[in-house]
Amino acid sequence: IGSPPKGSIHDVIINSALKEAALTDITVKNFAWTDFVLEALVDCEIEAAVGTPPLYVAASRACGAKITIPPDKLWKDNPSYGIVIRKELVEHPDVVLRFLEAHERASNFIREKPDEAAAIVSDLAGIVDREFVQESYSVSPKYCAALSDGFVSSTMAFVPVLRDLGYISRQLGEEEIFEHGFIKQVHRDKPHYNIQ
C-alpha cells in the first residue's frame, strides 16, 4: 500500500488499521511526495494507496482507481484538520480571530456553494478542472471551523496510536493539543462538520 511520508496522518492510520487487523503480510511503502504515490499506482508498483481526496480523484482518472474503504470507515472524524499556531501568535488574538473568521467563511462557502468554490479553486490553481475539485470535496465533505466533540475525541484516540507506533514519546492531554477559546468566539453554533 502506497502512502504519503512516514508520520503523515495517512501513514499512521493505515499502519494502525493493519496492526489492528493483524494483517502482517501487507506492507506500507512510504513516498516523500503524494505525487509519487500516484505514479507508483499508475505504474503498478503498488496495489493500493491511502491519501488525500485529490490523490483519489487523480488516481481514479489516471488508472480507474476506486475507493474500497471510505475515510470515515478507516478513522471516524479523522484528525487531519488543524490550525497550528506558535505561542507568540496567541499574544495577538485579533490576528488569530480574523484568520479563524476567514477560515469559517471559506468552510461555509465550500459546504454551501461547492460548485462556486470549486470554480474559484480551479481558476486559482490553474492545474485542475472544476470537476476535479468538486469530486475532491465530495470524497470527504468535512468543512467546518468548529472543534466538534467527535473531532476532539478522534484526535485524542489518535494520541496512543502515535505513541504505539513510536511517533511521540508520551501521552498528550487535550489541553496540550487544543485551545478552544478562539474558535468558541468565532463559531458559536453547533458544529456542522458532518452535515452534507
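Quick note: the coordinates plus some simple rules give every number you see, no bench work behind them. A quick note: this is a predicted structure, and the numbers were derived from the prediction, not measured. Positions of Cβ are backbone-derived with ideal geometry, glycine not excepted, and every protein chain shown enters the neighbour counts.
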Compute the length gained on full extension between ILE127 and LEU97: take 0.36 nm times their separation in residues and subtract their Cα-Cα distance, giving the result in nm to one decimal.
7.6 nm
Cα lying deepest toward the dipole's positive end in the stretch 1-97, options ILE83, PRO70, GLY7, charges on Cβ
PRO70
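Roughly speaking, what is the stretch gain from ILE85 to SER140, that is 0.36 nm per residue apart minus the C-alpha to C-alpha distance, in nm to one decimal?
Full extension from ILE85 to SER140 adds 17.4 nm.
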Simple spin-label model, 7 Å along Cα-to-Cβ: ILE120 to ARG163 in nm?
4.2 nm
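Anything over 21 Å Cα to Cα? Flag those among LYS6/LYS66; LYS19/LYS76; LYS76/LYS142, in the order listed.
Distance filter (> 21 Å) returns LYS6/LYS66.
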Among (i) 1.10; (ii) 1.03; (iii) 0.97, which is the computed Rg/Rh (Cα atoms, Kirkwood Rh)?
(iii)
Between the stretch 81-160 and the stretch 1-31, what is the separation of their alpha carbon centroids in Å?
25 Å
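If you stretched the chain out fully between GLU174 and SER153, how much longer would it get, using 0.36 nm times the residue separation minus the C-alpha to C-alpha distance? Numbers along the way, then the final one.
Values: separation 21, 0.36 × 21 = 7.56 nm, distance 0.92 nm.
Using 0.36 nm per residue and subtracting the Cα-Cα distance, I get 6.6 nm.
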Quick calc: nm separation of the 7 Å Cα→Cβ label points for LYS76 and VAL42 -> 3.7 nm
Relative contact order for the stretch 24-183 using alpha-carbon pairs under 8 Å, separation at least 6, rounded to a whole percent?
22 percent
